[in-house]
Amino acid sequence: MDLAQDVFRYVEKMPGGNLILTTTDSLFNWAKANSLWYLLFGLKCCAIEMMAAGASRYDLDRLGLMFRASPRQTDLMIVAGTVTAKMAPRIRTLWEQMAEPRYVIAMGSCAITGGAFFYDSYAAIKGVDEVIPVDVYIPGCPPRPEALIEGILKLQEKIKKESLTKR
Amino acid sequence: MTEEKKISREELLATGENIKAQYNFLVFITAVDYPERNVIGMVYHLRSLGNRDTLIIKIDLPREKPEIASVAGIWPAAEWHEREVFDLFGVNFLGHPDLRRILLPPDWEGSPLRKDYTKPGVIKRPETIK
Amino acid sequence: MNDLKNLKTEEYFLSMGPQHPSTHGVLRLILKLDGEIVTGATPDIGYLHRGLEKIAENRAYIQIIPFTDRLDYLSSMSGNLAFVLTVEKLAGIAPPPRAEYIRVIMAELNRLASHLIWLGTFSLDLGAVTPFLYCFREREKILDLFEMITGSRLTYNYMRIGGVAADLSAQFIKDAAAFIQDFKFRVAEYEALLTQNPIFLARTKNVGIIKADKAIAYGLTGPMLRASGISRDNRRDFPYAIYDKLSFDIPAGTVGDCWDRYAVRVREMRESAKIVEQALSGLPEGNFKTKVPLSLKPPAGESYAPVESPRGEIGFYLVSNGTAKPYRLKIRTPSFCNLSIISHVIKGWKVADVVAILGTFDVVLGEIDR
Ligand code: SF4
């Protein structure tokens, strides 16, 4: 990515380079935003809502989202559930195995702050952002599938604003 | 019908062998910590699948060095329950086939379900219902 | 050919999970493999351990109910029910009859929803995608019913000590009755897809047999135990709420293989539909709640009230010292005990069979790890 970024920065400085860049930017972003493959990875109750969002009534496939079981084939990790002391290192590993560009959605209050397990729990971690960077937070316990879809649309908006010269 | 029995820890294995034909189903094993009495109380909840009687066996163990014979040979279901009690209360089960932490990571320190367990970073919830 | 004999072979360790599509959560199995045959297995659990039992020691009784939702999140109602029954038993509170009926209706609808998820994901594990979509279609209808009354799709927080949180509306009763009518045909639809499907049979018949004596020794409960031919069901053996007034069968298997566990659950769905029907038609008028103080202080003592959840016996062992908080709350969950037998069952099977066998266990990691 570094080398590519250097090249793009160089292109940016060329006369007319900006035009080329914005066109490629929007092409790349369009492709990235509409083929977010997510990691089939559920932690707890929220994962059931994630499954429901992928099933008959809500049908995430419409948005170009498909689940893959291997982190190496995915762009998006939906952390759906409580992160515990034992699980946190594994989540970090999974995230590191994903290829760039990668995005993370924290789904549910557990993944945001620890939620119901914020107080008194000796094993729950207070939010997945202590372990990996998060792009979109979706509150709820559990968030409804509609909320998840809203969060994904927000993420797509964010991706569409990205530029090749900076991430 | 529910029956309750208090025995000493030496009697556990013999009692278990005696009753295992009738009380063939182990519902759960757990422990309760009583720091004021300096005791960890073991609770064995058994059931007879034939006539649905329940038997609760209670054994007091000293808090400093809680040790007791494992009943995994009598009721195989006990294996995981005993590992859990070992994990969360620090009770040592002698003769257990595979005594390791089950729920917490292997490098965890302390027995969290003991009443005096503390861990930095744990925030106590303010009381809203007195 | 002679060379092959001298070939050095080694056992292979395969770590399945904690992120694996067929472990239904964050279960990790360390498999010891000889080629494709599993020669040993060590389950590794605890990736979701949040310390609920410790949290409960610092909560008033009513504040614990939401946590029981998050144990077995596929059937929150059973968790709710088991907890409130335990507290009611200790404090000597009797809920009004209407509440008892409502509890049964909700618990059984939840059993349907839970079995539907199981059936969907299990068939997905075996490579059949269609039943998954069908099952979720019906499940959404049940969730709509729940949402109408509790306002929530998954974590209902509905049962209260001394009753339930809200009364059933006339609309609910009408819709639920219509749903049950429709559902009976739907079960036949799933069965048409799976029960005699040759691929399905090849994957499940005589696979992963659990003998009756083993099942008892390892403390299995619920459909797992019944599939091995032992007809034990807390709804009949230790009747709570109004189950003793209803007529329903307890399906049991004969062999204890994967197919039996499948068949028991599918037949249970029919029975649950029957129960809901009876409870709806017998629903008495009256109060849905008795008055119980917010900071309930049950007398010192202990209690345990087993409840039949879709997975087996869920029960709370409650030790009270007379204050507003429990002194100790042990949660006996069915999945924890059911899973403890796994390493004995999958020995000798191929890796692909492990997926099928584990699928019929129907474990929920939230209640295993607590
Ligand atoms: S946010 Fe709520 S529903 Fe989601 S995993 Fe946490 S407890 Fe479960």
Next item on the list: Could you state how much accessible area is buried at the B-C interface, both sides summed, with a 1.4 Å probe, in Å² to the nearest 100?
Entry: 3800
Item checked: Where trypsin sites (Lys or Arg not before Pro) fall in DSSP loop in segment C:30-134, at most 13 other Cβ within 10 Å -> none
Next item on the list: Just flag the GluC sites (Glu not before Pro) in segment C:237-332 sitting in loop per DSSP whose Cβ has no more than 15 other Cβ atoms within 10 Å.
Entry: C:285
Margin query: Helix-only mean residue ellipticity at 222 nm, chain C, DSSP H runs n ≥ 4 weighted -39,500 (n - 2.57), per residue, nearest 500. What is it?
Written below: -15000 deg cm²/dmol
Note to self: Just to be sure I understand the interface: list residues from segment B:107-130 that lose 30 Å² or more of accessible area between the chain on its own and the complete protein assembly, 1.4 Å probe.
What the structure shows: B:108, B:112, B:113, B:115, B:122, B:123, B:124, B:125, B:127, B:129, B:130
Note to self: Along its three principal axes, how long is segment C:2-369 when you only count alpha carbons? Whole Å, largest extent first please.
What the structure shows: 83, 47, 33
Item checked: Carbon and sulfur %, accessible surface of segment C:2-369 computed with the full protein complex present, 1.4 Å -> 55
Checklist line | Cross-link pairs beyond the 27 Å C-alpha cut-off, checked among A:126/A:160; B:6/C:89; B:20/C:325 | finding: A:126/A:160; B:20/C:325
Next item on the list: Express the relative contact order of segment C:2-369 as a whole percentage, based on alpha carbon pairs under 8 Å and six or more residues apart in sequence.
Entry: 26
Check: Once both axes come from the Cα atoms, what is the angle between helix C:170-194 and the longest principal axis of chain C, in degrees from 0 to 90, rounded to 10?
Finding: 10
Check: trypsin sites (Lys or Arg not before Pro), restricted to segment B:81-117: which are DSSP loop and have at most 11 other Cβ atoms within 10 Å?
Finding: B:100
Check: Antiparallel DSSP bridges in segment B:1-107: what percent, to the nearest 5?
Finding: 70
Next item on the list: Work out, in µm²/s and without decimals, the Stokes-Einstein translational diffusion coefficient of the protein assembly as shown at 20 °C, 1.002 mPa s, Rh from Kirkwood over C-alpha pairs.
Entry: 82
Item checked: Peptide C:142-149 - average C-beta neighbours from other chains (10 Å radius) -> 1
Next item on the list: Starting from the exponent 0.38 and prefactor 2.2 Å, build the expected Rg for chain A from its residue count and divide its actual Cα Rg by it.
Entry: 1.13
Note to self: Please report the antiparallel percentage of DSSP beta bridges with both residues in the protein assembly as shown, rounded to the nearest 5.
What the structure shows: 70
Check: How large is the charge dipole for the protein assembly as shown, taken about the Cα centre, if only the Cβ atoms of Lys, Arg (+1) and Asp, Glu (-1) carry charge, to the nearest 20 debye?
Finding: 720
Checklist line | Relative contact order %, segment C:236-329, counting alpha carbon pairs below 8 Å whose residues are six or more apart | finding: 18
Checklist line | Farthest positive-ward along segment C:2-369 dipole, Cα basis, beta-carbon charges - from C:37, C:172, C:238 | finding: C:238
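The values are calculated or read from the model by the stated rules, or taken from the named source; none is laboratory data. It should be emphasised that the depicted structure is a prediction, and the values quoted were computed from it without experimental measurement. With ideal geometry, Cβ positions are generated from the backbone for all residues, glycine too; neighbour counts draw on all protein chains shown. Side chains are part of the model used for accessible areas, which takes the heavy atoms of the whole protein and leaves out ligands, DNA and RNA. Shrake-Rupley method; radii C 1.70, N 1.55, O 1.52, S 1.80 Å.
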